[in-house]
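Undergrad: The structure follows.
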Amino acid sequence: MKGSDRLRRLASYAFVAALAVVALSCNEAHPNTTLDPHSDLGREIDFLWDRLLLLGTIVFILVEGVLVYVVFRYRRRENQGTPPQTHGSTKLEIAWTLIPAVILVFIAVPTVRTIFITQAPAPPGSLNIDVTGHQWWWEFRYPEYGVTTANEIYLPAGRTVNFRLRSADVIHSFWTPQLGGKRDVVTNRTNYMWYTPDTSISSNVWNGFCVEYCGASHANMRFRVFTVTPQQFDSWVAGQKTPARFGAVGPAAPTAGQIPPPLEAPGVTTPAGPNAPTQAAQAAAQAIAERSSGTGAAGGTQPAVPRGQNPESNPGARLGAAQSAVAAASAGAIAPGYIFPRENIPDYAVPHAPIPGDLKFTAGLTGNAQRGMKTFSGAACIGCHAIAGNPMAMGTTGPNLTHIGSRSTIAAGRFPNAAAYLALWIKNARAMKPEVIMPTLGLDEYDPVLKAKVTSATGGLTDQQIADIVAYLTALK
């Protein structure tokens, strides 16, 4: 009875496991699967996986078939003598040496082929993106355009993208499952990975992850990849090139289904009337022209860049690559400042992390962006963050906040980029994301790293001051 009970119990466990597998298999929503590639690199890896899975399955069936045959064919029987012994058989030794060698050849050839393809240099004309992994967020630089952003990548579908991967601290690993294979991000070395997003995915959002354990908030180190049309990418670049301004330069008039309406913040105004789009585009073009020629708010001049000079060695050359996009924007060919519509972001790319239950914020406060800019510029924020257009903010420790109002998430994809979440993040980031480097700024808040309360003497901010900073940051499109 004990044996039969055990079999029944194992059978019930196997039945439940089978039901779970069937239920998961019937679900068509697999947003983070690597088995549905949408790039050339992804398909090369998928082809190798399919080939190895097929060969492995064949080997498994053959080996298990021979094993079962031997077990039953040569099992012990009554009134039977000792079966023939094969120990030391030269034929068998040669057979089970040659067969695995032949199998390994069939495995090695496609594997080596894929390695050569994926490790080859990126083709000329690729879009270069410098990726830097931090604990625990991602920094993305577009050197040809002079654009820096954090935790969000915009890619033009159909154009090859070359990622140059570095780490600012510990080992990370860069992976967007449906676009390309993972690549480690290490210190003192630059790794490379390139792929071409399919033209059929020009309006999609993809989840990206750090897949190498890197500390307490490793699971919270995420990013988003937006694949857009080349025209939308040029518009996005043109918008990202402009300094962070509010109340003077606003987004151009949206076109149906492409550009979301501007998010208004208390105390912020944007150009109105029929000439508003032209004014915004002209201001963007003028800002780029001033910065690329070396004139403008910073003053001074820069020498002309010789033809063919490496764009990374001179800021003027880097910015020159974006002038065509801005010029097209000012001429009316494209509207500068495209941002992927938030209402079109699928639910799997929208974070749903819970907020700490003991973290509160005063209800009913109205922030003022003008006051918020002054508070931000005089607080500890400027020691870590940079905002182009705000000469006080030149920090490099934290994410660049130049156009933070246009991003869909904050805290490396952990929370939606909404005023309520941003206020709580500024108030006590370490309570919302374990052991982040950003200090607790809310007055009388307990800092779990310093194990002490924040006071006015240590730069603590009231809820009203935080609301003002939130109004300022959300206005930076």
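The values are calculated or read from the model by the stated rules, or taken from the named source; none is laboratory data. Model, not experiment: these values are computed from the prediction. We place every Cβ from the backbone using ideal geometry, glycine too, and count neighbours over all the protein chains shown. SASA here: full protein model, heavy atoms, side chains in, ligands and nucleic acids out. Shrake-Rupley method; radii C 1.70, N 1.55, O 1.52, S 1.80 Å.
Undergrad: Using a simple spin-label model with points 7 Å from Cα along the Cα→Cβ vector, what separation in nm is obtained for ILE107 and SER12?
TA: That separation, rounded to one decimal, is 4.0 nm.
Undergrad: Which whole-number percent of Cα pairs in the stretch 407-477 have a distance greater than 13 Å?
TA: Tail of the P(r) past 13 Å holds 62 percent of the pairs.
Undergrad: Starting from the Cα-Cα distance between ASN79 and ALA380, subtract it from 0.36 nm times their residue separation and give me the gain in nm to one decimal. Provide the component values of the computation, followed by the final result.
TA: Numbers: separation 301, 0.36 × 301 = 108.36 nm, distance 8.99 nm.
Gain on extension, ASN79 to ALA380, equals 99.4 nm.
Undergrad: Separation between the ASP444 and ASP5 pseudo-spin-labels, each 7 Å from Cα along Cα→Cβ, expressed in nm?
TA: 6.2
Undergrad: Ranked highest first by the average count of other Cβ atoms within 10 Å around their residues, in what order do 230-236, 202-208 fall?
TA: Final packing ranking: 230-236, 202-208.
Undergrad: Let me ask you something else. Using a 1.4 angstrom probe, figure out how much accessible area the stretch 388-477 has per residue, in square angstrom, rounded to the nearest whole.
TA: I get 38 Å² per residue for the stretch 388-477.
Undergrad: If r is the Cβ-Cβ distance from LEU19 to ALA168 and R0 is 35 Å, what FRET efficiency results, to the nearest 0.05?
TA: The calculated FRET efficiency here is 0.15.
Undergrad: Per the Kirkwood definition applied to all pairs of different Cα atoms, how many angstroms is the hydrodynamic radius of the stretch 379-442?
TA: Kirkwood hydrodynamic radius for the stretch 379-442: 12.2 Å.
Undergrad: For the stretch 161-208, what % of the accessible area comes from carbon and sulfur atoms, probe 1.4 Å?
TA: Using a 1.4 Å probe with all protein chains present, the stretch 161-208 comes out at 46 percent carbon and sulfur.
Undergrad: To continue, here is another question. Around TRP49, what is the net charge, scoring Lys/Arg as +1 and Asp/Glu as -1 over all other residues with Cβ under 14 Å from its Cβ? The partial results should precede the final answer.
TA: Values: positive: ARG43, ARG51, ARG113, LYS182; negative: ASP36, GLU44, ASP46, ASP50.
Neighbour charge sum, excluding TRP49 itself: 0.
Undergrad: Another question, then. Could you compute the net charge surrounding LEU365? Neighbours are other residues with a C-beta less than 14 Å from the C-beta of LEU365; K and R count +1, D and E count -1.
TA: In short, +1.
Undergrad: For the stretch 83-230, state the average projected area of the convex hull of the C-alpha atoms over all orientations, rounded to one decimal in nm².
TA: 14.4
Undergrad: Highest first, please rank the peptides 434-441, 57-64, 142-149 by the mean number of other Cβ atoms sitting within 10 Å of their residues.
TA: 142-149, 434-441, 57-64
Undergrad: Return the inverse of the average 1/r over all pairs of distinct C-alpha atoms in the stretch 1-138, which is the Kirkwood hydrodynamic radius, in Å to one decimal. Before the final figure, lay out each step's value.
TA: Working: mean 1/r = 0.0464 Å⁻¹.
Result for the stretch 1-138, one decimal place: 21.5 Å.
Undergrad: Restricting things to alpha carbons, tell me how big the stretch 117-174 is in terms of Rg and Dmax, in Å.
TA: Just the Cα atoms of the stretch 117-174 yield Rg and Dmax of 12.0, 33 Å.
Undergrad: Need one number: nm distance between label points at TYR348 and THR462, each 7 Å from Cα along Cα→Cβ, rounded to one decimal.
TA: It is 4.7 nm.
Undergrad: How much length would be gained if the chain were fully extended between TYR69 and LEU359, taking 0.36 nm per residue of separation minus their Cα-Cα distance, in nm to one decimal?
TA: Using 0.36 nm per residue and subtracting the Cα-Cα distance, I get 97.8 nm.
Undergrad: What is the extension gain from THR397 to LEU55, computed as 0.36 nm multiplied by their sequence separation minus the C-alpha to C-alpha distance, in nm to one decimal?
TA: Between THR397 and LEU55, full extension yields 118.2 nm more.
Undergrad: Could you work out Rg/(2.2 N^0.38 Å) for the stretch 186-234, with Rg from alpha carbons only? Intermediate values should be presented prior to the final figure.
TA: Working: Rg = 14.4 Å, N = 49, 2.2 N^0.38 = 9.7 Å.
Against the empirical 2.2 N^0.38 Å value, I get 1.50 for the stretch 186-234.
Undergrad: Now, a different point. From the Cα gyration tensor of the stretch 355-477, with a ≥ b ≥ c the square roots of its eigenvalues, which class applies: rounded if a/c is under 1.5, or else prolate if a/b is larger than b/c, or else oblate?
TA: It comes out rounded by the Cα gyration axes.
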